[in-house]
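Structure first, then comments.
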Amino acid sequence: MPGPRKHLTPKQMKFAQLIVYGVEGSPITKTEAARLAGYSDASREGSIMTNPKHYPLVCAFISNLRDEVRHKYGISFEAHLEELGKIRDRGKKDNRNLAAAATTEIARGKVAGYYIDQKIIRHGKIDDLNLDQLYERMKTIKEKNEKVLEAKELLNASEEPKSENKNMTVKLSPRSDKISDQDSTS
């Protein structure tokens, strides 16, 4: 049985870029990204490729791309919260409707990956756990994300992911919001 992959395929790179950048600046679903990346069973592949247990390199590459977006546009969690606070304060002070400004700032946060649509069912409170239970919970969280952390280290160790197909590269246009395939032999 072959060992774990140490690089991404061109389809996987394109899928990751589509997940982060969308199409013409508009976000798209995992299924749509998988279809545009060239997967025949797009619904299944779109879902499974964002599962770190099955595709840790793809998840790590998506994380790296999101980090680049945050860095490029100067988005940080602290600055995001500060901007939301300023909008709130201006709205209270001027008694104006700043819904458009708030929506824009929330959209920036979404692009940076600070908002994730998910449902969490909690049982109990963290305050109810003793020290041993806390350590066990932290260990479980670390183990669950270990593959992604290792994959991220692997991706960061190399300058760019290597593909099996040497003639195919996936490049972003200068605006970094469009994806194109380019045959490096032309």
*Looking only at the stretch 38-89, which residues are closer than 25 Å to Ala107 by Cβ, touching a residue at least 40 places away in the same chain (Cβ under 8 Å) and more than 14 Å from the chain's Cα centre (by Cα)?*
Lys72
*asked:* Regarding the stretch 143-162, can at least one residue be identified that is surrounded by 11 or more Cβ atoms within 10 Å (Cβ to Cβ), modelled with pLDDT of 75 or more and farther than 19 Å from Ala16 by Cα?
replied: yes
_Given (1) out of contact with any Asp or Glu (no Cβ under 9 Å at 6 or more places or on another chain); (2) of a type outside the set (Ser, Thr, Tyr); (3) within 22 Å of Tyr115 (Cα to Cα); (4) surrounded by 13 or more Cβ atoms within 10 Å (Cβ to Cβ), identify the lone condition not met by Gly74._
(4)
*Working only within the stretch 29-47, note down all residues that are surrounded by fewer than 16 Cβ atoms within 10 Å (Cβ to Cβ) and more than 11 Å from Lys11 (Cα to Cα).*
Thr29, Ser40, Asp41, Ser43, Arg44, Ser47
*Being in contact with a helix residue (DSSP H, G or I) (Cβ under 6 Å, 6 or more places away or on another chain) and of a type outside the set (Gly, Ala, Ser) narrows it down to one of Glu45, Glu32, so name that one.*
Glu45
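The values are calculated or read from the model by the stated rules, or taken from the named source; none is laboratory data. Nothing here was measured: the structure is a model prediction, and the numbers come from that model. As a convention, Cβ positions derive from the backbone with ideal geometry for all residues, glycine included, and neighbour counts pool all protein chains shown.
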